[in-house]
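A.B. asks: Please read through the structure below; I'll follow up with questions.
The values are calculated or read from the model by the stated rules, or taken from the named source; none is laboratory data. Predicted, not measured: the structure shown is a model, and the values here were computed from it. Neighbour counts are summed over all protein chains in view; Cβ atoms, including those assigned to glycine, are modelled from backbone coordinates with ideal geometry. Note: areas computed on protein heavy atoms with side chains; ligands, DNA, RNA excluded. Shrake-Rupley method; radii C 1.70, N 1.55, O 1.52, S 1.80 Å.
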Amino acid sequence: MNKKKDKKSDEFSPKNLAFSMRRVMAIALKTINQFRRDRRTLGLLFVVPMAIMLIFGLAFSGEVQNLPVLIDNQDTVFGMMIEENLANDTRVELTAGDYFEGVEQVEKGDYYAVILIPANFTQSILEIQAGNTTQANIYLYLDGTKPTIKGSLLGALRDALDETMGNTGISVVQELAFGGAEFSGLDVGIPAVIAFVLIFLLVIVGVITIIREKIQGTQDRLYATPLRSSERLLGYVIGLLLIAMIMIALVLIFGVFVFGAKVQGNVFLLIFAALLFGLAHVFLAVFLANFAQNELQAIQFAPLTAIPSMALGGMMVPTISLPVWLYPVSFVVPLTYGINLFEGIMLKGWGFAELWVDFLVVGAMCLIFFVLAIITVRNRMRD
Amino acid sequence: MLATEIEYAIETQDLVKIYKTGKVQAVNGLNLQIKKGEIYALIGANGSGKTTSINMISGALFPTSGTIKVLGHEIPRNRRLITNYIGLAPQDYSIYEDLSLEENVRFFSRLYGMSKGDFEPKFEELLKILRLEEKRKALVKNLSGGMKRRTSIACSLIHSPKIVFFDEATVGVDPVLRSFFWEYFRSLKDKGVTLVITSHVMDEAERADRIGLMRAGKLIAEGTPDELKQKHNAATIEEIFIELSEGEIIDE
Ligand SMILES: Nc1ncnc2c1ncn2[C@@H]1O[C@H](COP(=O)(O)OP(=O)(O)O)[C@@H](O)[C@H]1O
Ligand SMILES: [Mg+2]
């Protein structure tokens, strides 16, 4: 032992062999520095959420007037009040009629929507107040093809509900009561935008970061250093997760202060949900990066993942209104669960008790994408 | 450890590389023996297989067949161990364009587990030698080609490796600076560092201890500059190369 130490000049010691958090952090820090320097991506970070929020935010601004809507009110007290409030809203032109006939007329384009307030509605509300149930449904059949119109219509209904339930002093419960599947389209807005923006930007930033490593030749060079693939992967993930945190903060700030979104539930749970959702997409980006050869292809991955998400994840149309054969697909679209989580926490004030399934699914997505990323990034000495 | 008994820094035997994409036999039975503390120049036209060889030896590229030993350890099996003792400055800079010069070098120093205290003096030394002192905070994308080259060299030397590979390191570097480079290469050699330098510029080779002339993935001649000139009765290395590649057009 001592002999070895003595001849130190030409000593050949096996150093830097173990997994090193230092190297992981070197990659993470480098990733953040690159991101900080990249004006284009940085611009995207500000422009994309703003643009998307503006599009959806405008949908709630009530610029549309006199939308023909049919209402089938079978209820008494609360149903009447909602109907009355709706009738006073200039955005909609209310006609009374039969729900099932109304559905056909919506299909024909005579009406934009038909609303059904079932006979037991008031009863349900009272039951909720008594604590016997948590569900009270209003059925809405609407033309979801024109987001602005849809937005105005949903806004009018939302306001009517607000006013009605506000009168009865159960304004907090109303989110929970009317935020069920039938109404998931009602709150397309900030929560959905957060989920969407996270997917869109994280996939772009993540894939580009890793792709640049390939293009600049640094990835090959890294193979000639003690860096392990697992350290590299973890470094990307930590760096990208920090970037995701900045994105989440920005989107929340925009949402709350510019567009007046409210967070009914626990803010920390919301941040946790956003991070978990972000993490899943960081892993997805690391995985997808294997399939892009240049930056342009990398950028194309974003719409490639974002557009199906938008269409099938409950952003444009509530998942429940999807064609029967497409509905099951919404269960494998990550955005579906992101929207569930963000809507649940922000609008309905839900906690872990109500959302554990969605948390579980997003957690499982993390694991799946993580495994895919590990499998594809490992042992990739250039061949 | 065996370290003291090993005479060669690098040994390759029947090294072959066939890229999957191109069906090109980029390296075609290369046998190299490079001694410790030697400045070895691998010379050959573009496409002769220099970069491919260097990448395989440094552990960045998987060989198709043949054996590689670096400091007595088999590559790629023991490459993680060996990477601590080698520095590679690839042909295409391979540094981060959107980071500053200093951030680049610091990044690589961290990969080798260097502490801040180890990094600072070594970095200052390299800046001085490579004449980059004024550019330390500059983003790499704003540097000239020659400066990028030197930044890349700094990244490959920051951890004081025992073997360094400079792939076309002196391309695009002005003649005055090139002289300084060679002076520095000699000083590294004096400290026992082994240097492998590739170039497609023949006269670059004259300054090396030993030269390997490469063509079509093979060595076609090897020796000290004087040995080679004597044997082939030529005044320059370029003449030898032309003589040996007689009648063939070198693919540029
Ligand atoms: N990544 C690669 N894929 C396929 N062929 C390659 C690749 N890199 C180099 N080659 C081919 O291998 C041969 C040797 O290239 P290279 O090692 O770069 O030579 P040199 O460094 O001497 O110019 C050339 O024919 C080149 O086209
Ligand atoms: Mg080359």
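A.B. asks: Give me the pairs, please: first residue somewhere in the stretch B:163-176 and within 14 Å of another protein chain (Cβ to nearest Cβ) and of a type outside the set (S, T, N, Q), second residue anywhere and assigned to a loop (DSSP other than H, G, I, E, B) and within 12 Å of ligand 1 (Cβ to nearest atom), beta-carbon distance under 6 Å, and either six or more positions apart or on two chains.
C.D. replies: Matching pairs, first to second residue: B:ASP167/B:PRO90; B:ASP167/B:GLN91; B:GLU168/B:GLN91.
A.B. asks: Next up: Is there a residue in the stretch B:196-211 that is within 16 Å of ligand 2 (Cβ to nearest atom), hydrophobic (A, V, I, L, M, F, W, C), touching a residue at least 60 places away in the same chain (Cβ under 8 Å) and within 14 Å of chain A (Cβ to nearest Cβ)?
C.D. replies: Yes, the stretch B:196-211 contains at least one residue that is within 16 Å of ligand 2 (Cβ to nearest atom), hydrophobic (A, V, I, L, M, F, W, C), touching a residue at least 60 places away in the same chain (Cβ under 8 Å) and within 14 Å of chain A (Cβ to nearest Cβ).
A.B. asks: If you check B:GLU103 against the conditions, is it of a type outside the set (Gly, Ala, Ser), facing another protein chain (nearest Cβ under 7 Å) and crowded, with 19+ Cβ neighbours inside 10 Å?
C.D. replies: Considered against the rule, which asks whether it is of a type outside the set (Gly, Ala, Ser), facing another protein chain (nearest Cβ under 7 Å) and crowded, with 19+ Cβ neighbours inside 10 Å, B:GLU103 comes out as yes.
A.B. asks: Out of the stretch B:106-139, which residues are outside any helix (DSSP H, G or I), within 14 Å of another protein chain (Cβ to nearest Cβ) and either of a type in the set (A, V, I, L, M) or open to solvent by less than 10 Å² (accessible area, probe 1.4 Å) (or both)? Lay out the reasoning, then the answer.
C.D. replies: Step one: filter the stretch B:106-139 for residues outside any helix (DSSP H, G or I), giving B:112-115, B:130-132, B:136-139.
Narrowing further to those that are within 14 Å of another protein chain (Cβ to nearest Cβ): B:112-115, B:137-139.
Hits for the stretch B:106-139 are B:MET114, B:ALA138, B:LEU139.
A.B. asks: On the given criteria, is B:ALA60 in contact with a strand residue (DSSP E or B) (Cβ under 9 Å, 6 or more places away or on another chain), in contact (Cβ under 8 Å) with a residue 40 or more places away in the chain, under 17 Å from B:GLU168 (Cβ atoms) and within 16 Å of ligand 1 (Cβ to nearest atom)?
C.D. replies: no
Conditions (1) over 26 Å from B:LEU244 (Cα atoms); (2) within 10 Å of ligand 1 (Cβ to nearest atom), marked per residue:
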{"site": "B:ALA9", "(1), (2)": "yes, no"}
{"site": "B:VAL16", "(1), (2)": "no, no"}
{"site": "B:ALA26", "(1), (2)": "no, yes"}
{"site": "B:LEU42", "(1), (2)": "no, yes"}
{"site": "B:GLY47", "(1), (2)": "no, yes"}
{"site": "B:SER65", "(1), (2)": "yes, no"}
{"site": "B:ASN84", "(1), (2)": "yes, no"}
{"site": "B:PRO90", "(1), (2)": "yes, no"}
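A.B. asks: Then there's this: Could you please find all residues in the stretch A:130-170 being surrounded by fewer than 15 Cβ atoms within 10 Å (Cβ to Cβ), modelled with pLDDT under 75 and part of a helix (DSSP H, G or I)?
C.D. replies: Within the stretch A:130-170, A:GLY166, A:ASN167 qualify.
A.B. asks: If we keep just the residues of the stretch B:63-93 that are without any contact (Cβ under 8 Å) to a residue 24 or more places away in the chain and more than 10 Å from chain A (Cβ to nearest Cβ), which is most open to solvent (accessible area, probe 1.4 Å)?
C.D. replies: That would be B:ARG77.
A.B. asks: Condition first: under 26 Å from A:LYS30 (Cα atoms) and not polar (S, T, N, Q). Can you find one or more residues in the stretch B:170-177 that meet it?
C.D. replies: no
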